[in-house]
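The values are calculated or read from the model by the stated rules, or taken from the named source; none is laboratory data. From a predicted model like this one, the values you see are computed outputs, not experimental measurements. When we count neighbours, we look across all protein chains shown, and the Cβ atoms used for this are built from the backbone with ideal geometry, even at glycine.
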Amino acid sequence: MPTITSPGNYAWVNTAKVTLAGTADAGAVVELFDDGVSVGTTTVSALGSWSRQVPAADGAHLYTAAATGLGGTSKQSAMRVVQVDTTAPSAPVIISPSEGTTTGTTFTVSGTAEAGSTIELYEDGSSRGTIAASNATWTRTLSGVSAGTHTYSARATDIAGNVSTMSIARSLRVG
């Protein structure tokens, strides 16, 4: 019986083609199924490994594999669930502080973004770190910011690795 080894079970991918890989008896022909529908075949190498790229629309996919060799057709492998998401999240929105605000050298920047995404906050084009957007909100306290005018922007990366465009920048005066 073949085994699907990649991608990981419950993995998220951000391409419209998923590369499935696994193991089976050398020389066998592996047929791949997406929710019970055949999506292609591949031949197992002499080392017992196989790989095949299959088309995949956005959404959940339930992959299994069956091998045909000298002993006939095997039972289907254990199911592998893969979530496909090819859509980038919307750009995050910086809510606070307001444009043009004067702050001290320690202040909090907060905003909204796609729930579950990771936000990277930028100060004058340089990263100030990442923040998890739980419940579609995020907050980062910055300290030791030098006096002067600084521009802040943010970008979101979703669980599948899709990256948003940069947010609308906010200019703040520190000092």
Are any of the residues in segment 30-39 in contact with a His (Cβ under 8 Å, 6 or more places away or on another chain), under 30 Å from residue 158 (Cα atoms) and of a type outside the set (Phe, Trp, Tyr)? yes
If I filter segment 51-65 for residues that are more than 28 Å from residue 89 (Cβ to Cβ), in contact (Cβ under 8 Å) with a residue 60 or more places away in the chain and touching an Asp or Glu at 6+ places or on another chain (Cβ under 9 Å), do I get at least one hit? yes
If you check residue 41 against the conditions, is it without any contact (Cβ under 8 Å) to a residue 24 or more places away in the chain and farther than 30 Å from residue 172 by Cβ? yes
Give 50, 12 a once-over and let me know the one that is under 29 Å from residue 156 (Cβ atoms) and aromatic (Phe, Trp, Tyr). 12
Candidate set: segment 71-92, residues that are under 12 Å from residue 161 (Cβ atoms) and touching a strand residue (DSSP E or B) at 6+ places or on another chain (Cβ under 9 Å); chosen: the one surrounded by the fewest Cβ atoms within 10 Å (Cβ to Cβ): 86
In segment 62-82, anything assigned to a strand (DSSP E or B) and within 15 Å of residue 21 (Cβ to Cβ) is listed as 63, 64, 65, 67, 80, 82
What do you reckon, is residue 164 surrounded by 18 or more Cβ atoms within 10 Å (Cβ to Cβ), outside the structural domain of residue 35 (by TED's automatic domain parsing) and in contact (Cβ under 8 Å) with a residue 60 or more places away in the chain? yes
In the set 134, 126, the lone residue that is surrounded by fewer than 18 Cβ atoms within 10 Å (Cβ to Cβ), farther than 20 Å from residue 90 by Cα and out of contact with any strand residue (DSSP E or B) (no Cβ under 6 Å at 6 or more places or on another chain) is 126
